[in-house]
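Everything on this sheet refers to the single structure shown next.
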Amino acid sequence: MSTILAIDTSSDGCSAALLVDGRIFSRFQISPRQHTHLIMPMIDEVVTEAGIKKTQIEACAFGAGPGSFTGLRISAGIAQGLAFGLGIPVISVSTLEALAFDPLIRNFGDCTVAAAFDARMDEVYWGVYQYRCVNGSASLQSLVPDCVIKPGELTAKQLPVASGDKLLGIGGGWIYQEEIVRATQKEPVNIYVDEVAKASVIAEIAQKKYDAGLLLSAHEAIPVYLRNEITWKKLPGR
């Protein structure tokens, strides 16, 4: 097993986790607009708790997006800085994948997970994954590419469910439950609308990527926005 630091600031949640020999040390806090103040102390805390030095970290994983524009820039910037400073590779993890791999999902056994973040402007960031656990080893397979879309424009093809699978929904994008169900004609057996991506889960996914050699150099730590343009509205009188 490797020593992997993971961070996530893609949503209102701010978190850091350190995976050391299969054990995870983590910090998590819902803290809108406080990420820049919290994330570095969180990193220091998990390193201290694990009883290691930062020079022993072998890779830095980060929630690459989709998510908050500012939050993604923070996590990518910190991952770049640590990777450059420590001379280690970076591991990019989809925040939708991390959301779909949440421990709450694993209580259901084999299932299909529709992960959704509220993307504002009446849109959602959307990803669908198949969760499997074989001989105690859990894994996710992406069924449709992560995308940004209006809930009412989803189709049944964008929510494939394997025969016999339970369908679960997770993430703040499920505030549009009625529109999603109407558009896809499929309804989850459970929905966890308050869940966000967490660094502890990103660390688990990162270990699999590390073992598979899916490593990036520091300058390749780039956020995934999904939208081609950042849309904004001018304030009155500006």
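The values are calculated or read from the model by the stated rules, or taken from the named source; none is laboratory data. Computed from a predicted model, the values in this text were never measured in an experiment. Cβ placement follows ideal geometry from the backbone for every residue including glycine, while neighbour counts extend to all protein chains displayed.
A few remarks follow.
- Test: residue in segment 33-55 that is out of contact with any Phe, Trp or Tyr (no Cβ under 9 Å at 6 or more places or on another chain), more than 12 Å from SER75 (Cβ to Cβ), among the acidic types (Asp, Glu) and in contact (Cβ under 8 Å) with a residue 60 or more places away in the chain: no
- Looking across SER26, SER2, SER31, SER15, one residue alone is touching a Ser or Thr at 6+ places or on another chain (Cβ under 6 Å) and polar (S, T, N, Q). It is SER26.
- Residue match in segment 148-160 (condition: over 27 Å from ASP211 (Cα atoms), surrounded by fewer than 16 Cβ atoms within 10 Å (Cβ to Cβ), at pLDDT below 95 and outside the structural domain of ARG27 (by TED's automatic domain parsing)): no
- Some residue of segment 84-96 being in contact (Cβ under 8 Å) with a residue 24 or more places away in the chain, part of a loop (DSSP other than H, G, I, E, B) and crowded, with 18+ Cβ neighbours inside 10 Å: yes
- Remark: ARG73 matches the filter, which requires a residue to be in a helix (DSSP H, G or I), within 28 Å of TRP126 (Cβ to Cβ) and either outside the structural domain of GLY213 (by TED's automatic domain parsing) or not aliphatic (A, V, I, L, M) (or both).
- Among the candidates GLY164, GLY213, the residue that is exposed (fewer than 13 other Cβ atoms within 10 Å of the Cβ) and modelled with pLDDT under 95 is uniquely GLY164.
- Considering the conditions (1) part of a loop (DSSP other than H, G, I, E, B); (2) within 25 Å of PHE25 (Cβ to Cβ); (3) outside the structural domain of SER11 (by TED's automatic domain parsing), CYS133 is excluded by exactly one of them, (1).
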